[in-house]
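Participant: After the structure tokens below, expect a handful of questions from me.
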């Protein structure tokens with residue numbers, strides 16, 4: 001299917017809306033450097049180029065025609081894979097998008113986000129159907145005709161229905177076998193995810209997993225797109241955010257539980273990632 005002509009960048013909606021849309025045509029190398037996790041559910045579709053996409057604890061090589069379904073609050077990052085130019089669209093669905101649906105409808109539409117693998121490899125017929133819906137979305141974003149917001153909401157819902165039915169009908173095809181380096185990094189990532197409250201010094205992890213410190217640093221960055229310390233801090237802060245929202249624990253106790261060696265260090269790292277100090281975050285998210 002030949003694509004219509006669109007601007008290199010198009011946007012619709014904000015984090016406060018039921019859904020948000022981003023289209024980008026990028027020239028040159030690009031790696032995502034923010035928004036590593038968010039409350040929205042994310043549908044990523046690659047039109048052109050190739051990308052590495054790290055989700056939760058596994059890296060995937062994404063090619064044109066691939067869909068990536070990212071669960072709410074799942075840590076993820078895209079990075080270049082050797083081919084610098086790419087074109088993609090991302091649809092973000094707020095949890096509120098699903099609130100008016102019946103339980104069976106919610107279950108149907110949310111199922112693709114919680115499968116073992118987030119990648120859906122579409123066949124040619126499925127690609128054509130998905131791209132037809134995505135081009136309809138992009139036409140509305142470009143033209144902004146009267147009622148375009150309502151039409152966008154309708155088509156984004158139709159996109160989710162099609163994806164959910166496709167997954168239900170044929171399941172998700174497995175990805176290509178991981179390389180030894182990818183398997184090793186996945187083991188380490190899963191260890192971090194489970195033991196974020198413990199000491200995770202790079203030297204100790206390298207020794208425990210029988211890999212040199214320098215090789216671990218290089219492999220971790222290459223596979224996940226994150227630096228080792230950056231990833232550890234993100235996992236710890238994400239858990240701290242949850243505890244600040246959902247418990248009455250003191251900030252000191254939360255810092256200790258999440259593996260920070262001092263309250264000062266916790267405050268500094270938390271603010272650099274969340275944008276506000278821990279106490280301010282709690283106030284902003286208190287019911």
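The values are calculated or read from the model by the stated rules, or taken from the named source; none is laboratory data. Values in this document were obtained by computation on a predicted structure and should not be read as measured data. Cβ sites come from the backbone with ideal geometry, for glycine too, and all protein chains shown count toward neighbours.
Participant: Only residues that are in contact (Cβ under 8 Å) with a residue 60 or more places away in the chain and farther than 23 Å from residue 109 by Cα: list them for region 61-76, please.
Facilitator: Once the filter is applied, which keeps residues that are in contact (Cβ under 8 Å) with a residue 60 or more places away in the chain and farther than 23 Å from residue 109 by Cα, region 61-76 yields only 61.
Participant: Please note which helices (runs of 4 or more DSSP H) are completely contained in region 83-200 and include at least 3 residues that are in contact with a strand residue (DSSP E or B) (Cβ under 8 Å, 6 or more places away or on another chain), outside the structural domain of residue 232 (by TED's automatic domain parsing) and surrounded by 14 or more Cβ atoms within 10 Å (Cβ to Cβ). Even if it seems obvious, please write down each step before you answer.
Facilitator: Details: elements: 103-110, 124-143, 148-170, 180-194.
It comes to 124-143, 148-170.
Participant: So, one more: Can residue 131 be described as within 30 Å of residue 48 (Cβ to Cβ) and at pLDDT below 95?
Facilitator: yes
Participant: Just to verify a result, which residue in region 245-270, among those that are in contact with a helix residue (DSSP H, G or I) (Cβ under 9 Å, 6 or more places away or on another chain) and closer than 19 Å to residue 74 by Cβ, is modelled with the highest pLDDT?
Facilitator: 258
Participant: In this structure, does residue 237 turn out to be assigned to a helix (DSSP H, G or I), within 21 Å of residue 77 (Cα to Cα) and touching a helix residue (DSSP H, G or I) at 6+ places or on another chain (Cβ under 6 Å)? Full working, then the answer.
Facilitator: On the way: assigned to a helix (DSSP H, G or I): yes; within 21 Å of residue 77 (Cα to Cα): yes; touching a helix residue (DSSP H, G or I) at 6+ places or on another chain (Cβ under 6 Å): yes.
For residue 237, the condition - assigned to a helix (DSSP H, G or I), within 21 Å of residue 77 (Cα to Cα) and touching a helix residue (DSSP H, G or I) at 6+ places or on another chain (Cβ under 6 Å) - is met.
Participant: Here's something else I'd like to know. Would it be correct to say that residue 53 is within 23 Å of residue 235 (Cβ to Cβ), in contact (Cβ under 8 Å) with a residue 12 or more places away in the chain and crowded, with 22+ Cβ neighbours inside 10 Å?
Facilitator: yes
Participant: Which residues, counting only those in region 257-285, are within 28 Å of residue 211 (Cα to Cα) and buried (at least 16 other Cβ atoms within 10 Å of the Cβ)?
Facilitator: Once the filter is applied, which keeps residues that are within 28 Å of residue 211 (Cα to Cα) and buried (at least 16 other Cβ atoms within 10 Å of the Cβ), region 257-285 yields 257, 258, 259, 260, 269.
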